[in-house]
There are 2 protein chains.
Amino acid sequence: MVNVTLADLARHLDLHVSTISRSLDPARAGRVNAATRARVLAAAAELGYTGHQIAGSLRRGRSSTVGIVVPDLSNPFVHPVIRGVVAALDRRGFMGFVAESGDDHAQLRRILEHLVSRRVDAIITSAARSGDAAMLKGVARAGTPLVLVARYLPDSGLPWVTHDDHRGGELAAEHLLDLGHVRLAQLRGPADVQTFLDRGAGFADVLQRRGLAPAAEFDSASAGTPSVEEGRRLMGRLLDRGGDRPTAVFAHNDLMAIGALEALAERGLCCPLDVSVMGYNDNTLTEHLNPPLSTVHLPTREAGRLAGEMALALIDEPGSRPSPIRLEPTLIARRSIAPPTPAGDAAASTVGRPASRRAG
Amino acid sequence: MVNVTLADLARHLDLHVSTISRSLDPARAGRVNAATRARVLAAAAELGYTGHQIAGSLRRGRSSTVGIVVPDLSNPFVHPVIRGVVAALDRRGFMGFVAESGDDHAQLRRILEHLVSRRVDAIITSAARSGDAAMLKGVARAGTPLVLVARYLPDSGLPWVTHDDHRGGELAAEHLLDLGHVRLAQLRGPADVQTFLDRGAGFADVLQRRGLAPAAEFDSASAGTPSVEEGRRLMGRLLDRGGDRPTAVFAHNDLMAIGALEALAERGLCCPLDVSVMGYNDNTLTEHLNPPLSTVHLPTREAGRLAGEMALALIDEPGSRPSPIRLEPTLIARRSIAPPTPAGDAAASTVGRPASRRAG
DNA sequence: ACACTAGTCGCAATCGATTGCCCGAGTCAA
DNA sequence: TTGACTCGGGCAATCGATTGCGACTAGTGT
């Protein structure tokens, strides 16, 4: 009873396997007598027939499966993306399986090879760094539809669904400038991921347009990985350099912003009174922080959904070239940003320090 | 050039597919002439042969793949578990694919059916609720090795790697009692997940042993899902009930603890001065909270690794019955817990409110 | 010179489901 | 009555890799 096959059912019912096969497939149910089909269904249920997608996939040449590759499962921004993809896939009976690359090229290669050799019908990934472009293009050229989500590769010719991160950077800068900040810093994400470059460029563009070129000293190096730890390290270096402090920093994602908050706290500085901190992504946890993080919201779930549909379209029409999609960010103002106060104001430590509260 | 097969290579090299097959498999390399093998390898690289695990799996009856099913990708406790499993699998050339059940029975069923019909060699899941027991046992009985991780099913006969959550509950209670707390409350996780029941029982046992039966009013209902939102709701109900407040609450996981912190903040109460909060799991983010959360640490990555190895053992010896493993929790004291202070102490709002700081 | 072994490689069945093609029986209308 | 269809279902090839068995060659020992 361990492995029931079509042949088992055929023997049991004294029918041919092809009849069984047709009976079990709702799309082909019309080709078989209703009574016969009922018998087959009953027997299948009774004997516990579970199907055998491996065999079916081999014959059909399709697996109704797509691989979802993310850089880091712990980074909350990937969860809505995954759910969006899965939701889109579900509607067409496709299954999505998730793998984590750890933002490591070799690991990504292993995953891709596995996925391709397992003949997934498509691959959707948000783990693309510029150094991965050739490999990813190779996968697509070899016949597995590949769509980029959240992160994109500018001139790769690969289809993508991403966000307008340049605009997001602008939103961050405008918000800070409108409040009166002039000493601004950026906590840059990895330089080999285009979205981080876009955020930085958008931010810088606004400063320049307003005639406020940021002092170079306020600009951090790029993080090796966009993590809490790196955010803490970069912010620490910024703060320990002596001289004027920035009154506001734009962290290129929420994780790095959390690191920045820690670096501030470790030095007895208060956010937002001493330094305002702007995050990016609007991770689920950010509103639960203290202070709740002002950040740039991205419709990541929507991006996932669109990426899923794009992959399905690519599966339906292998040759097609879907046009890239860029979704609009919006600014979420919470409590980690306030107008600048005179630097070194000692009274800032308790006065007006707000209790944690949910954003409305 | 889209899909290179063994037959393509065979034609190209004027050899038989069987020779190609043997050349490509390191384990069978001895059965073929070294020079021939070199030619095959070269040709395979040149033509871009990627293998075809679907076909191989069908013939071999093994897929070298295991499914990993988690309840909620956003719950940080699953990430170390997944990484542990993947690490164990990697060492033996197995690939792990992740799926998310959303703690939904129907969704879990769909995932399991997919996985079984896709003939994964084993399934590892931390999504087991008591109502899923029959279904999971059915999967195992039908021939797919199934191991439970983090969550277990007491009398299911299914193998598991979990934590001693009863002991974890005890640790939490002891810590609080040692500090002098007497008005204690629990924020209970879902009642159909054994680990939460264990945490609650361990906690209650200590109270009883010390002759301190908790007033029933301080005991929350069970959360529908162990989330921030539910923690916030339960804590809110506890606080709004009037009468004495508990001086400390034990949230059955960190997410609920975060919700509890919010509920406190919303009412202008301070943690830990007004109410101490104890979490559970030691999620990565908990040390970044304000205040950093005291919690119970679980070796979740280790649990994942052991579960992975257990699954491999089950694959190697289908009949075997590995003995369940229970890992020891440890207490992590951070800043969300302090000795009790006179209730309603108005001065509590600023005095001694510590800046966020990383735990050593 | 003969039997034997080790080394290489080919042959063909096999895993299980899918599907184009074909056949026999029954239906209906001219 | 016959020709044209429709229905229901069987037949067998097929997807691509794996593997037990056997064959052929060259070399070895006696």
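The values are calculated or read from the model by the stated rules, or taken from the named source; none is laboratory data. Given the structure is predicted, the values throughout are model-derived calculations rather than measurements. Cβ coordinates were reconstructed from backbone atoms using ideal geometry, including for glycine residues, and neighbour counts include every protein chain displayed. Accessible surface areas use protein heavy atoms only, side chains included; no ligands, DNA or RNA. Shrake-Rupley method; radii C 1.70, N 1.55, O 1.52, S 1.80 Å.
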Among the residues of region B:74-82, is there at least one that is in a loop (DSSP other than H, G, I, E, B), among the aromatic types (Phe, Trp, Tyr) and more than 16 Å from the chain's Cα centre (by Cα)?
-> no
Among (1) part of a helix (DSSP H, G or I); (2) open to solvent by 20 Å² or more (accessible area, probe 1.4 Å); (3) more than 30 Å from B:Leu58 (Cα to Cα), the one test that A:Gln107 misses | (3)
So B:Gly243 clears everything in (1) modelled with pLDDT of 95 or more; (2) assigned to a loop (DSSP other than H, G, I, E, B) except one condition, right? Which one?
-> (1)
Within region A:1-22, count every residue that is within 10 Å of DNA strand D (Cβ to nearest atom), more than 47 Å from the chain's Cα centre (by Cα) and part of a helix (DSSP H, G or I).
-> 1
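Which of the residues spanning region B:21-43 are within 12 Å of DNA strand C (Cβ to nearest atom) and under 20 Å from A:Val116 (Cα atoms)?
Answer for region B:21-43, where residues must be within 12 Å of DNA strand C (Cβ to nearest atom) and under 20 Å from A:Val116 (Cα atoms): just B:Ser21.
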Any strands (runs of 3 or more DSSP E) falling wholly within region A:278-336 and containing at least 2 residues that are modelled with pLDDT of 95 or more, within 15 Å of A:Ala251 (Cβ to Cβ) and open to solvent by less than 10 Å² (accessible area, probe 1.4 Å) | A:295-297
Pick from region B:250-270, criterion among the hydrophobic types (A, V, I, L, M, F, W, C) and at the interface with chain A (Cβ under 9 Å from one of its Cβ atoms), ranking: surrounded by the fewest Cβ atoms within 10 Å (Cβ to Cβ) = B:Leu269
Enumerate the pairs (first residue in region B:1-25 and within 14 Å of another protein chain (Cβ to nearest Cβ); second residue anywhere and assigned to a helix (DSSP H, G or I) and more than 6 Å from DNA strand D (Cβ to nearest atom)) with beta-carbon separation below 7 Å, excluding pairs fewer than 6 apart on the same chain, so at least 6 apart or on different chains.
-> B:Val4/B:Leu47; B:Leu6/B:Ile20; B:Asp8/B:Leu47; B:Leu24/B:Val40; B:Leu24/B:Ala44
Does B:Arg119 meet the test of being charged (D, E, K, R) and assigned to a helix (DSSP H, G or I)?
-> no
Do you know which residues across region B:233-249 are surrounded by 24 or more Cβ atoms within 10 Å (Cβ to Cβ) and within 14 Å of chain A (Cβ to nearest Cβ)?
-> B:Met235
Tell me, please, whether a residue that is more than 8 Å from chain A (Cβ to nearest Cβ) and closer than 19 Å to A:Gly96 by Cα can be found in region B:47-66.
-> yes
If you scan region A:44-55, which residues turn out to be assigned to a helix (DSSP H, G or I) and either more than 8 Å from DNA strand C (Cβ to nearest atom) or open to solvent by 10 Å² or more (accessible area, probe 1.4 Å) (or both)?
-> A:Ala44, A:Ala45, A:Glu46, A:Leu47, A:Gln53, A:Ala55
Right, B:Pro71: under 30 Å from A:Ala87 (Cβ atoms), more than 16 Å from DNA strand C (Cβ to nearest atom), open to solvent by less than 30 Å² (accessible area, probe 1.4 Å) and more than 11 Å from every other protein chain (Cβ to nearest Cβ) or not?
-> yes
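Conditions (1) acidic (Asp, Glu); (2) within 16 Å of DNA strand D (Cβ to nearest atom); (3) open to solvent by less than 40 Å² (accessible area, probe 1.4 Å), marked per residue:
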position: A:Leu24; (1), (2), (3): no, yes, no
position: A:Asn33; (1), (2), (3): no, yes, no
position: A:Ser57; (1), (2), (3): no, yes, yes
position: A:Arg92; (1), (2), (3): no, no, no
position: A:Val98; (1), (2), (3): no, no, yes
The residue that is least open to solvent (accessible area, probe 1.4 Å), considering only those in region A:76-89 that are out of contact with any strand residue (DSSP E or B) (no Cβ under 8 Å at 6 or more places or on another chain) and facing chain B (nearest Cβ under 10 Å), is A:His79
May I ask you to verify whether B:Met95 is over 30 Å from B:Arg241 (Cβ atoms) and within 10 Å of chain A (Cβ to nearest Cβ)?
-> yes
